[in-house]
Amino acid sequence: MKVTILGSGNSTGVPSIGCKCEVCQSTNPKNKRSRVSAFIEERGCNILIDSSPDLREQALKNNITRVDALLYTHAHADHANGIDDMRSFNYLSNKSIPAYGNAHTINTLCARFSYIFTPKTGGFFYGASLNGQIVPETPVGKIEIADNTVTYFQQNHAKINTLGYRIGGFAYSTDVKALPEESFEALRGVEVWVVDCLRRAETFSHSHLAQSLQWIARVQPRLAILTHMDHDFDYDRLSNKLPAGVVPAYDGMIVEL
Ligand SMILES: [Zn+2]
Ligand SMILES: [Zn+2]
Ligand SMILES: [Zn+2]
């Protein structure tokens, strides 16, 4: 399995518009964070997690030309608003693409982008075309995508629930403030875990550094990757103080497992 971190930043991205802080002004490419997203290649299947507002640039930079399925964590703008750029993949494959999420996510996206959720079978794709797939609201569940079994699990993100996803030894948990016990069960034995870590200080809807590290100590993946980071984190300074087996994400990071 090959996983590419397409974006590792918070909702504004880093640098944040107009910000003069040291991290936003930094020339280290690892301090340039586009909005969170990841791309998984496994068993001949290309799976995209979220359609970030930076999707077009992420696809161009990482040579992504085919998406077989889209997994939505939730419908917040920083995870969804690149949805129109899915049209290029529709155009190249000449078919609608299945998009999975919980009922709230898919219904919210259908309301905001009704013109996209009209599955088509062939023809010319003027606009994006997604086939919305609502997953049951169970604590943990499975989705079959081609030869892959994807496990989803519930995550609390303040007012809404998001979905975490696991494929084999890889799991992805962004935009999470609290994890139910069943979700920790679903994470048992995971090899590589990408986990939300907005900043050092505690916030109401995201995990912060101390909490993410506590979860990682409990789940004990071989490698933990912190994501959804804002300009509070300088890549090098954060890297140097993290425990062994924990690293900050950066855009374009590739993990093979
Ligand atoms: Zn977010
Ligand atoms: Zn800044
Ligand atoms: Zn969110």
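Suppose the filter is modelled with pLDDT of 95 or more, surrounded by fewer than 17 Cβ atoms within 10 Å (Cβ to Cβ), away from ligand 1 (no atom under 16 Å from the Cβ) and part of a loop (DSSP other than H, G, I, E, B); does Arg56 pass it?
no
Output the number of residues of region 174-204 satisfying the condition of being acidic (Asp, Glu) and in contact (Cβ under 8 Å) with a residue 60 or more places away in the chain.
Residues meeting the conditions: 2.
Count, please, the residues in region 59-79 that happen to be in contact (Cβ under 8 Å) with a residue 12 or more places away in the chain, part of a loop (DSSP other than H, G, I, E, B) and away from ligand 3 (no atom under 16 Å from the Cβ).
Going through region 59-79 one residue at a time, the tally reaches 6.
From the residues in region 77-100 that are farther than 15 Å from Gly127 by Cβ and in contact with a strand residue (DSSP E or B) (Cβ under 8 Å, 6 or more places away or on another chain), which one is farthest from ligand 1 (Cβ to nearest atom)?
Looking at the filtered set, the residue picked out is Pro98.
Output yes when any residue across region 40-53 is away from ligand 2 (no atom under 16 Å from the Cβ), more than 19 Å from Tyr172 (Cβ to Cβ) and part of a helix (DSSP H, G or I), and no when none is.
No, every residue in region 40-53 fails to be away from ligand 2 (no atom under 16 Å from the Cβ), more than 19 Å from Tyr172 (Cβ to Cβ) and part of a helix (DSSP H, G or I).
From Ala201, Ala217, Ala210, which residue is over 21 Å from Thr138 (Cβ atoms) and part of a loop (DSSP other than H, G, I, E, B)? Spell out the reasoning first.
Details: Ala217 fails: part of a loop (DSSP other than H, G, I, E, B); Ala210 fails: part of a loop (DSSP other than H, G, I, E, B).
Just a single option satisfies the conditions, and that option is Ala201.
Regarding Ser37, is this residue closer than 24 Å to Gly141 by Cβ, touching a residue at least 40 places away in the same chain (Cβ under 8 Å), within 15 Å of ligand 3 (Cβ to nearest atom) and buried (at least 18 other Cβ atoms within 10 Å of the Cβ)?
yes
Could you tell me which residue of region 216-245 is nearest to Ile49 (Cα to Cα), considering only residues that are surrounded by 22 or more Cβ atoms within 10 Å (Cβ to Cβ) and away from ligand 2 (no atom under 16 Å from the Cβ)?
That would be Thr227.
Just a yes or no: is a residue in region 153-163 surrounded by 19 or more Cβ atoms within 10 Å (Cβ to Cβ), over 29 Å from Cys197 (Cβ atoms) and hydrophobic (A, V, I, L, M, F, W, C)?
no
The values are calculated or read from the model by the stated rules, or taken from the named source; none is laboratory data. Quick caveat, the model's predicted, so the values are computed rather than measured. We place every Cβ from the backbone using ideal geometry, glycine too, and count neighbours over all the protein chains shown.
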